[in-house]
Amino acid sequence: NFFNNRLTIDSNVSLLYQDVKNRPSPGGFYMNPLIGLYRFPRGGVYGGESFDYYKQNYKYYDAGRNMYLQNWYTEVTTWEQNPFWLTNMLPSEDQRYRTIANLSLSFKLNDNFTLRARGNGDLILNNYNMKMYAGTVAALTGSSHGANGRYMVDESNSLGLYGDIMLSYQQTFGDFAVNATLGSSITDNRGKSMGIDSYPGGLYNPNLFNSGNIDYNAGSPSLGQYHNQAQSVFFAGQVGYKDWLYLDVTARNDWTSNLAFTKYVDKGFFYPSIGATWLLNESLNLPEWITLGKVRGAWSQVGNGLPSYRSNPLNSVGRAGTIGYNSTAPFNELRPEMTTSIEFGTEWRLFSSRLELDFTYYKTNTRDQLFSLSAPSGSAYTTYYVNAGNIQNQGIELTLSGSPIWTKDFRWKTGINYSLNRNEVLELAEGLGYFTVSGSGSNSYAMRLEVGGSFGDIYGRKFARDEQGNIQYDDKGLPMPDKTDLKKVGNTAPKYTLGWNNTLTYKGFSLYFLIDGRFGGEVLSLTQAELDKYGVSKQTGDDRDRGYVAFDGKNVSNVEGFYNIVGGRDGITEHYVYDATNIRLRELSIGYTFPKKWLVGMPFIQGIDLSLIGRNLFFLKNNAPYDPDGTLSVGNSLQGVDAFGMPSTRSFGFNFKVNF
């Protein structure tokens, strides 16, 4: 603080370093050790050897090649290898260096005006390398020079810069209070990456992992860079009346480089909002036991500039100088995505805040999403983009909390959180029947957007049925698949979620636990489908012991034939859709605050707290064969789908805090 506190300067720098060795696969069918682990034939013996044998002898010495190669009970394939080979002979290292710096200045011009300026930078350096030893399946390492292994190196850096300047005004006029901010900001993001991958050519010499051992004409060197920028002006204002009625308005206009080569690059896109809040307890003569009564409502729009380099895609240069010709049509009509929202809510605190309630209803409509479509035959390009669509979400959020017991030494605070969301695809692009977010018919799975459907709809292969809806069977007594187009088999979204949190304190001790659950919705387990087809699941073992499969009110005696039809990633998806309802103990902690009398003689220490914490401890109920909260992707695709995903984990830790 300077000049009698008129100037305030605040800055900080954070330095982070991360080093991850042998990061496990998140799931899927490639280089995943769980596939070989789960598929291994049950019974303890296969070809005279147990699984422990292949654990200890995941490699064998090949005298002809003078090296160790992979050892497995069957031929190694792209989809299945010895899990201990994958965890020992494919070492990787992923390093990240990150620096985040922030600086802000605030200067009070007078009693009404304040000028603020802020800036921050985020620099990230990533280094990644992975070695695949000879003996890994050749389809994944490349074989132009023999199956000599594979080497991948990738280095990337990114720099994000943000800055803004704002002029704030505040003043009171009788019963009215005015606050306003006018500002401008700039966001600049750029980055580069350079990668070397010996695939598909492989290595000249086996297991020699350096850049000189790569055939660059047959390898895959890559160089990428990006740069995008957004410039904005914005306004936010509030008018308050007698500290109980408030009106808020905002307005913002963005200009983004992602809209270059379009008519929006000069005018940008504008989005406003308006909201009101009424404190009933401050304006009406309410009973004294009502501590707070508030109602609020708002309407808003939020714009999104969409991904970079869509409006004017260019050719690229590949390995050995080959030109990769762009196959996507320029999109100079690209429009920014816009989300329009309305929200209403109320908040109440009763009996000196011993009982609290917060309720919100919302509805959002997102329009002009970006869709990628196949071009008609004879077109100059194979792909083109369109702006279209209207996806609507509406729902409610309810929080009810209170303190049923509150004495001098003991307090029990409890709360319930309830939420539900309903999603509907109201429109897509003209002439577009559906849009595939992920998946394909060859895998009997897809996630699609279709008018009248919802985001998160799972499509797959169903059983063939007659006009009355009865499953049809072939002459061998086995159910038949519907070989027409994929059909909807479920949706990942829950009908509602519910959480119950509790905090109990007694003198210096505290106990906290959170139980939450999702109710409804469906998930798909391709893991179970694969294990059933290979006959290594508990279900198939039980059916073989029983001599039949209990299905559709019948006893199907051909157990192997049944699972050959319904199982596998190309089987009948409908059979592997499960109710996603689950309830779990999400968190449990026990803490203790040391008495201040224990700190006598240590005046520089104000307090000491110690707590033990456990998270995701166990299920109280789970209807699926895996954790329904698990996901193969953090993006919008592959939600609610399990394909040999890593098991979810519980964690334990402690927190030791000293206040000075």
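The values are calculated or read from the model by the stated rules, or taken from the named source; none is laboratory data. Note that the structure is a prediction, hence the values are computed from the model and not measured. Note that we place each Cβ from the backbone using ideal geometry, even for glycine, and neighbour counts take in every protein chain shown. Side chains included, ligands, DNA and RNA excluded: accessible areas come from the protein's heavy atoms. Shrake-Rupley method; radii C 1.70, N 1.55, O 1.52, S 1.80 Å.
Data for the structure
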quantity	calculated
Residue within the range 448-463 that is touching a strand residue (DSSP E or B) at 6+ places or on another chain (Cβ under 8 Å), farther than 25 Å from Gly521 by Cβ and modelled with pLDDT of 95 or more present	no
All positions within the range 205-248 that are over 31 Å from the mean Cα position of the chain (by Cα), at pLDDT below 90 and not in a strand (DSSP E or B)	Ser211, Gly212, Asp215, Tyr216, Asn217, Ala218, Gly219
Single match in Trp348, Trp299 (criterion: buried (at least 17 other Cβ atoms within 10 Å of the Cβ), modelled with pLDDT of 95 or more and not charged (D, E, K, R))	Trp348
Count of the range 1-43 residues which are among the charged types (D, E, K, R) and in a loop (DSSP other than H, G, I, E, B)	3
Pairs with Cβ under 9 Å, 6+ apart, first in the range 148-161 and farther than 15 Å from Asn205 by Cα and open to solvent by 60 Å² or more (accessible area, probe 1.4 Å), second at pLDDT 95 or above and hydroxyl-bearing (Ser, Thr, Tyr)	Glu155/Tyr128; Leu161/Thr187
Selection count, the range 626-651, where residues are assigned to a loop (DSSP other than H, G, I, E, B) and open to solvent by less than 70 Å² (accessible area, probe 1.4 Å)	17
Residue tally, condition open to solvent by 80 Å² or more (accessible area, probe 1.4 Å) and assigned to a helix (DSSP H, G or I), over the range 64-91	0
Selection count, the range 216-237, where residues are closer than 30 Å to Tyr264 by Cβ and not hydrophobic (A, V, I, L, M, F, W, C)	9
Qualifying position, being of a type outside the set (Asp, Glu) and within 25 Å of Gly324 (Cα to Cα), among Ile165, Ile186, Ile214	Ile214
Exclusive hit being under 25 Å from the mean Cα position of the chain (by Cα) and at negative phi, set Asn189, Asn179, Asn120	Asn189
Qualifying positions in the range 608-650 - farther than 20 Å from Tyr592 by Cα and among the small types (Gly, Ala, Ser)	Ala624, Gly630, Ser633, Gly635, Ser637, Gly640, Ala643, Gly645, Ser648
Residues of the range 239-249 classified as open to solvent by less than 60 Å² (accessible area, probe 1.4 Å) and not small (Gly, Ala, Ser), total	4
Residue in the range 48-60 that is under 30 Å from Ser11 (Cα atoms), among the charged types (D, E, K, R) and surrounded by fewer than 18 Cβ atoms within 10 Å (Cβ to Cβ) present	no
Criterion (out of contact with any Leu (no Cβ under 9 Å at 6 or more places or on another chain), under 30 Å from Asn332 (Cβ atoms) and surrounded by fewer than 17 Cβ atoms within 10 Å (Cβ to Cβ)) met by exactly one of Tyr381, Tyr473	Tyr381
Flag if Asp542 is in a loop (DSSP other than H, G, I, E, B), of a type in the set (Asp, Glu) and open to solvent by 50 Å² or more (accessible area, probe 1.4 Å)	no
Breaking point among (1) in a helix (DSSP H, G or I); (2) on the phi > 0 side of the Ramachandran plot, for Gly568	(1)
Residue match in the range 79-91 (condition: in contact with a strand residue (DSSP E or B) (Cβ under 8 Å, 6 or more places away or on another chain), modelled with pLDDT of 95 or more and over 23 Å from Ala147 (Cα atoms))	no
Residue in the range 302-338 that is modelled with the lowest pLDDT, counting only those that are in contact with a Gly (Cβ under 8 Å, 6 or more places away or on another chain) and either closer than 23 Å to Thr187 by Cα or basic (Lys, Arg) (or both)	Arg319
Among residues of the range 537-591, those that are touching a residue at least 40 places away in the same chain (Cβ under 8 Å), closer than 17 Å to Ser525 by Cβ and among the hydroxyl-bearing types (Ser, Thr, Tyr), counted	4
Residue match in the range 225-238 (condition: farther than 25 Å from Ile165 by Cβ, open to solvent by less than 60 Å² (accessible area, probe 1.4 Å) and out of contact with any His (no Cβ under 6 Å at 6 or more places or on another chain))	no
When residues of the range 553-569 are limited to those that are more than 36 Å from the chain's Cα centre (by Cα) and open to solvent by 50 Å² or more (accessible area, probe 1.4 Å), the one nearest to Tyr445 (Cα to Cα)	Glu560
Count of residues meeting criterion [part of a loop (DSSP other than H, G, I, E, B), on the phi < 0 side of the Ramachandran plot and open to solvent by less than 90 Å² (accessible area, probe 1.4 Å)] in the range 600-624	4
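To keep it simple, each residue is scored yes or no on (1) in a helix (DSSP H, G or I); (2) among the β-branched types (Val, Ile, Thr); (3) open to solvent by 20 Å² or more (accessible area, probe 1.4 Å).
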| site | (1), (2), (3) |
| --- | --- |
| Asn502 | no, no, no |
| Arg518 | no, no, yes |
| Leu524 | no, no, no |
| Gln528 | yes, no, yes |
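Per-residue answers, yes or no, for (1) touching a residue at least 40 places away in the same chain (Cβ under 8 Å); (2) surrounded by 17 or more Cβ atoms within 10 Å (Cβ to Cβ); (3) assigned to a helix (DSSP H, G or I); (4) not hydrophobic (A, V, I, L, M, F, W, C):
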position: Asp254; (1), (2), (3), (4): yes, yes, no, yes
position: Thr262; (1), (2), (3), (4): yes, yes, no, yes
position: Ile274; (1), (2), (3), (4): no, no, no, no
position: Leu286; (1), (2), (3), (4): no, no, no, no
position: Ser311; (1), (2), (3), (4): yes, yes, no, yes
position: Leu334; (1), (2), (3), (4): yes, yes, no, no
